[in-house]
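Bear in mind that the values in this text are calculations on the coordinates, not laboratory data. All of these numbers come straight from a predicted model, not from anything done at the bench. Here the Cβ is made from the backbone with ideal geometry for all residues, glycine too, and neighbour counts use every protein chain on show.
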Amino acid sequence: MILADCHVHSEFSSDSQAPLSKIIEQAIAKEMQYFYLTDHHDIDFPIEAANGLDFQLDTARYLAALEELKTSYNDKIEIRTGVELGLMSHITDKLTDYTNQFSFDFIIGSSHLVRGMDPYYPSYYEGRSQKEAYLEYFESIYDNIKHFLDFDVYGHLDYVVRYGPDKTMKWQFSDYADIFEGILKELIQHGKGIEINTAGLYKGLGYPHPHKDILNMYKDFGGEIITIGSDAHSPEYLGYGFDAAEQLLISCGFRYYTLFKNRKPEFVLLEP
Ligand SMILES: [Zn+2]
Ligand SMILES: [Zn+2]
């Protein structure tokens, strides 16, 4: 059994209404050993592009709330602090200021925007093929890594394929293998991991992010750091599909998954 869900949102993210205590109670009910909270902080996220949602995290208040809960849940579960940082190369200085200012146990770097545009919305695909739009998303990941590395794992690497205009969620990894080779080698070279994000299983993709071909490539290049997260925005999705994720990792030849404390990896044996 997986000891913690490393990608979880609460009411501190503007796209979640989940009371923090309810999610922690769910982690305890699922007999998890650790609770991670990784709410969104997306610097320069255009509010008008997100239907009025504001993805700026009130980080001081957030960390203070977690600190308080750490004490009250002391004998039930160990609470660890995280954040899901939206990466873009033009905000590198702001990202660096942010990670210098605040301390976390764990940081997920994610791509939610490309050139300020959200691939969730049709406007991102206008005037070009789906393949070109996907390629730009993946190339922006590579560009982000070249500019900023103060994160522990890169989140949901193939997130964009959930939103392509053909609505099939089907895509050919081989069309993008070159750019993934670049991304994964860069991550590995700098000691950065990736995550298995089981939201793919409950958002219609049929498999967790990223596609198995990407996991295999990461393994082949020597990658070893993989966290497991549900991307839950409400308590019922906490730990969703973790047995399947564990079996998937084992089938790709991984022997360990990873937890982070004080930004340091801890490797935990997968159980066949
Ligand atoms: Zn995300
Ligand atoms: Zn998330």
What is the sum of charges, Lys and Arg at +1 and Asp and Glu at -1, for the other residues whose Cβ falls under 11 Å from the Cβ of L259? -2
Among V83, L63, Y134, which residue has its Cα positioned farthest towards the positive end of the charge dipole of the range 59-136, with +1 placed on the Cβ of Lys and Arg, -1 on the Cβ of Asp and Glu, and the dipole taken about the Cα centre? Y134
Just to be sure I understand: of the beta bridges DSSP finds with both ends in the chain, what percent are antiparallel, rounded to 5? 25
From the Cα centre of the range 235-256 to that of the range 1-55, the distance in Å is 19
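In the neighborhood of E195, defined by Cβ-to-Cβ distances under 13 Å, what is the net charge if each Lys or Arg adds +1 and each Asp or Glu adds -1?
Around E195, the charge tally is -4.
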Only Lys, Arg (+1) and Asp, Glu (-1) charged, at Cβ; the chain dipole about Cα centre in debye: 400
Scalar couplings 3J(HN,Hα) for the range 56-70 by Karplus 6.51 cos²θ - 1.76 cosθ + 1.60 (θ = phi - 60°), nearest whole Hz, x for Gly and Pro, are 8, 8, 7, 5, 4, 5, 4, 5, 5, 4, 5, 4, 5, 5, 3
Distance violations [Cα-Cα > 27 Å] among K219/K261; K170/K261; K167/K212; K170/K264; K203/K264; K131/K219: K170/K261; K170/K264; K203/K264
Given 19-32, 67-80, the highest-first ranking by average Cβ count within 10 Å works out to 19-32, 67-80
When the charge dipole of the chain is computed with +1 at the Cβ of Lys and Arg and -1 at the Cβ of Asp and Glu, the Cα pointing farthest to the positive end, of P272, Q101, M32, is that of P272
Residue span Q189 to D150: 0.36 nm per residue of separation minus Cα-Cα distance leaves a gain in nm of 12.7 nm
Between K264 and I179, the two model label points (7 Å from Cα along the beta-carbon direction) sit apart by a distance in nm of 3.7
As a check on your grasp of the helix formula, calculate [θ] at 222 nm for the chain: sum -39500 (n - 2.57) over DSSP H runs of n ≥ 4, divide by the residue count, round to the nearest 500. -10000 deg cm²/dmol
